[in-house]
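J.: Pasting in a structure now, in structure tokens, and then I'll have a few things to ask.
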Amino acid sequence: MSMTSARNHISQYKQVDNYTGVHDANPHQLVAMLLDGALGKLAAVKGYMSHGEIVKKGETIGQAISIVGGLRASLDMEAGGEVATNLDDLYDYIERRLLEANLKNDVALVDEASKLLHEIKTAWDAIPVEARTVSKTAVAAAS
């Protein structure tokens, strides 16, 4: 098996594994996976910045912004009340900081966005298991 063929097989396996993880996840787990994904993208962005890989940096920051946008779009503003409004504002701020980080090639702005997403993730993970399965509405309000 050639190296290229092995990479293709690994890539296909990862796609199936990711699909299975998403397909089997409950709403709480999906939000956690999105937060992890955004944080992973931002870690990669920092590496691309430090190595001067401008194209990969731009693509990856775009993917992170897209994930944050997905989190923002999933907010249930009616059921979530003030918490959802505050998260909407915070996600908007993170998206703007990431756009600025991309334009200025500023690692400090990426770090700021990562810190904010990490705080959201920590709070999300701290939700008691009983509250995670109460209802989809409750989970959507918190996302």
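J.: Going residue by residue through the range 13-27, is there one that turns out to be within 13 Å of the chain's Cα centre (by Cα) and at pLDDT 65 or above?
T.: no
J.: Something else: So K115 fits all but one of (1) at pLDDT 95 or above; (2) surrounded by fewer than 16 Cβ atoms within 10 Å (Cβ to Cβ); (3) closer than 23 Å to H28 by Cα; (4) more than 13 Å from the chain's Cα centre (by Cα); what number is the exception?
T.: Only one criterion in (1) at pLDDT 95 or above; (2) surrounded by fewer than 16 Cβ atoms within 10 Å (Cβ to Cβ); (3) closer than 23 Å to H28 by Cα; (4) more than 13 Å from the chain's Cα centre (by Cα) is unmet by K115, namely (4).
J.: So, one more: Taking the condition modelled with pLDDT of 95 or more and assigned to a helix (DSSP H, G or I), does A131 pass?
T.: no
J.: Test each condition in (1) hydrophobic (A, V, I, L, M, F, W, C); (2) surrounded by fewer than 20 Cβ atoms within 10 Å (Cβ to Cβ); (3) within 27 Å of R132 (Cβ to Cβ) for A38 and report the one that comes out false.
T.: The number of the failed condition is (2).
J.: What number goes with the only condition from (1) of a type in the set (A, V, I, L, M); (2) in contact with a Lys or Arg (Cβ under 9 Å, 6 or more places away or on another chain); (3) not in a helix (DSSP H, G or I) that L35 does not pass?
T.: If we test L35 against (1) of a type in the set (A, V, I, L, M); (2) in contact with a Lys or Arg (Cβ under 9 Å, 6 or more places away or on another chain); (3) not in a helix (DSSP H, G or I), just (3) comes out false.
J.: Any residue in the range 89-112 that's on the phi > 0 side of the Ramachandran plot: show its pairings with residues that are surrounded by 17 or more Cβ atoms within 10 Å (Cβ to Cβ) and not polar (S, T, N, Q) at Cβ separation under 7 Å, as long as the two are six or more apart or on different chains.
T.: Close Cβ pairs (under 7 Å, with a partner that is surrounded by 17 or more Cβ atoms within 10 Å (Cβ to Cβ) and not polar (S, T, N, Q)) amount to N105/M49.
J.: Okay, moving on. Looking at (1) at positive phi; (2) modelled with pLDDT of 95 or more, can you tell me which one G81 breaks?
T.: The single condition G81 does not satisfy is (2).
J.: Further question: From the list G62, G58, G52, which one is outside any helix (DSSP H, G or I), without any contact (Cβ under 8 Å) to a residue 60 or more places away in the chain and farther than 30 Å from R132 by Cβ?
T.: One residue alone meets the criteria, G52.
The values are calculated or read from the model by the stated rules, or taken from the named source; none is laboratory data. Note that this is a predicted model, so its numbers are computed, not measured. Neighbour counts run over all protein chains shown; Cβ positions are idealised from the backbone, glycine included.
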